[in-house]
Amino acid sequence: MSHRTGFGLFATARAVSWSGSSITAVALPVLLYARTESASLSGLLTALEALPYRVLGLPAGALADRWDHRRTMSRCSWYRPLS
């Protein structure tokens, strides 16, 4: 690895994580459709995947704005694999 430190490593790790999450968001409904041949179940799964972001997004954002930004970003990065 080259002389990447701090933000460079964070940005690279974030890009890899985002790529994996995006692939999963596409692959799960496709897999469900391939196994069940039900477009309605695939649509329901897609809607349920987005539901937590829509319900918790605004309250979580309001709380996060009150906390230390660096510590919040670090903790969120560590807890993200658990979700």
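Restricting attention to the stretch 13-23, which residues are within 15 Å of Trp78 (Cα to Cα) and among the β-branched types (Val, Ile, Thr)?
The answer is Val16, and nothing else.
Give the residue that is farthest from Arg80 (Cα to Cα), with candidates limited to residues of the stretch 1-10 that are surrounded by fewer than 11 Cβ atoms within 10 Å (Cβ to Cβ) and small (Gly, Ala, Ser).
Ser2
Take the residues in the stretch 14-68 that are outside any helix (DSSP H, G or I) and surrounded by fewer than 10 Cβ atoms within 10 Å (Cβ to Cβ), then tell me which one is farthest from the chain's Cα centre (by Cα).
Only one residue fits best here, namely Glu37.
In this structure, is Arg75 open to solvent by 60 Å² or more (accessible area, probe 1.4 Å) and modelled with pLDDT of 90 or more?
It is false that Arg75 is open to solvent by 60 Å² or more (accessible area, probe 1.4 Å) and modelled with pLDDT of 90 or more.
The values are calculated or read from the model by the stated rules, or taken from the named source; none is laboratory data. Not measured: the values here are computed from a predicted model. Heads up, the Cβs are rebuilt from the backbone with ideal geometry, glycines too, and the neighbour counts pull from every protein chain shown. All accessible areas refer to the heavy atoms of the entire protein, side chains included, with ligands and DNA or RNA removed. Shrake-Rupley method; radii C 1.70, N 1.55, O 1.52, S 1.80 Å.
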